[in-house]
Structure formats: structure tokens, C-alpha cells
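Nothing in this text is a laboratory measurement; each read-out follows from the coordinates by a stated rule. Bear in mind that the values here come from a model prediction, so they are computed numbers and not experimental data. In this analysis, Cβ positions are derived from the backbone assuming ideal geometry, glycine residues included, and neighbour counts consider all displayed protein chains.
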Amino acid sequence: MNQAAKSAGIESVWRGGISPFAVSWRKLMMWLFIITDGLLFAGLLAGYGFVRLASPRWPNRAEIFHLDFIALMTFILITSSATMATAVGAARQGRPKTVVRFLLLTILGGLSFLGCQAYEWSKLIGEGARLSTNPWGVPLFSAAFFIITGFHGSHVLTGVLILSIVAVRALRQRVSPEGVELAGLYWHFVDLVWVFIFTLFYLI
């Protein structure tokens, strides 16, 4: 291929059209959303790290959280990511019943995670944790906890709603493989964010 042909090919990609960057507009928009939302989570976690390092003392998470319970929540979410990947694979193979089955399993995993998170929140609120105060003497600790985990929880809830819509459409055989894949991209992103939250907030 000569230089002129290469230049024409690159120019056609950058001009956009029906398939910019060799992907559909829907997938491109999803990736742009994931990147911008990922930067938002990165900002929240970076702010948490700054506040924690700037504080003269910080509560011992092992004395506040039940890490075995948090590990269970993480396992549930990672497992749901595996079921989501299976649903995407089934959609590409044209197996709608398998798609619906594994979407329902993924939804169940998301609801189980949210139930565990609601229990964790209710436990800490019962112990006196609020956005502006908590029994452990560092107000920003509970503020960071509620903001970061709450923001992530809202993403999980949104994902459950999206997967429910996709499951209904798949049951009626009205969803494309790309539609299932886009929902999967969002769900994998939510799972990946939780891995960072789990590591930086609960473990380190």
C-alpha cells in the first residue's frame, strides 16, 4: 500500500462516519462514557488518598469492617462479571435462552451485592456513622466511605436496571449481540472499579 492510500485510510477513520475507529457509534460512545466515568472514580479515590495521607491519624479499617464480608461482596461481583461474559458469548453465538439465563444470574449477583452493601451501610449508620461525624474520630473517614461506596452502588443499581431491560428484550429476541456486549462493557467497568475500591479503601 502506497503512502497516499495509507493517508486516505487514516483520513477516512478520523472523518468519522458510520463506523469511526472501526467500531459502531454506540460502542464508541460507551467507551467514551467509561473513560470519563473512570476518571471521575479516579478523582474520588485520589482525593480519598490525599485526605488520608494528610490526616494525622486514620481509623483501622480491620476494626470497623468485617473484611470476610467485604471479600464475599467482591466475590459476588467478580462472579457476576463471569456470568455477564458468558451472556455476551451466547449472544454472539445466537443462543437467546442462554443469554437470558446468564443475564438473570448477573442481575441476581448485582442485587446480592446491593443487599450486602445495604446491610453494611445500615450497620455503620447504626453505630453512629454519618457524613459529617462518626464514632472513630475522623469525620472524613465516614464521608469518604459513604460517597465512594454510594457512588459505586448507584452504578451497580443502574447496571441492574440496564441488564433487566436487556434481558426482557433478549427474551423477546429483540436485542442484538452488540446490545448485550455494550451492557457487558458497562458491567465489567463497574466490577473493575470495585476492585480498586476494595483494594485502596478496605485493604491498604
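For the stretch 135-204, what mean projected area does the convex hull of the alpha carbons give, in nm²? Before the final figure, lay out each step's value.
Details: hull surface 21.9 nm².
Value for the stretch 135-204: 5.5 nm².
Between Leu182, Leu77, Leu67, the residue with the greatest mean-square fluctuation in the GNM of the chain (Cα pairs under 10 Å linked by springs) is Leu67. Measuring max minus min along each principal axis, the C-alpha atoms of the chain give extents of 66, 45, 22 Å (largest first).
The convex hull around the C-alpha trace of the stretch 75-175, projected and averaged over every direction, spans 6.7 square nanometres. Positive end of the dipole of the stretch 23-203 (Cβ unit charges, origin at the Cα centre): among Phe198, Ser80, Ser142, the Cα lying farthest that way belongs to Ser80. With contacts taken as Cα pairs under 8 Å and at least 6 residues apart, the chain reaches a relative contact order of 27 percent.
Would you mind giving the three semi-axes, in whole Å and largest first, of the ellipsoid equivalent to the stretch 22-127 according to its Cα gyration tensor? Numbers along the way, then the final one.
Working: eigenvalues 229, 98, 19 Å².
Those come to 34, 22, 10 Å.
The string of couplings for the stretch 97-108 from the Karplus curve (6.51, -1.76, 1.60, θ = phi - 60°) is 5, 5, 4, 4, 4, 7, 5, 5, 5, 5, 4, 4 Hz, one whole number per residue in order, with x for Gly and Pro.
Which of these, Val51, Val100, Val180, has the largest mean-square fluctuation under a Gaussian network model of the chain (Cα springs below 10 Å)? Among Val51, Val100, Val180, the largest mean-square fluctuation in the Gaussian network model of the chain belongs to Val51. Summing Lys and Arg as +1 and Asp and Glu as -1 over all other residues whose Cβ lies under 12 Å from the Cβ of Ser24 gives a net charge of 0.
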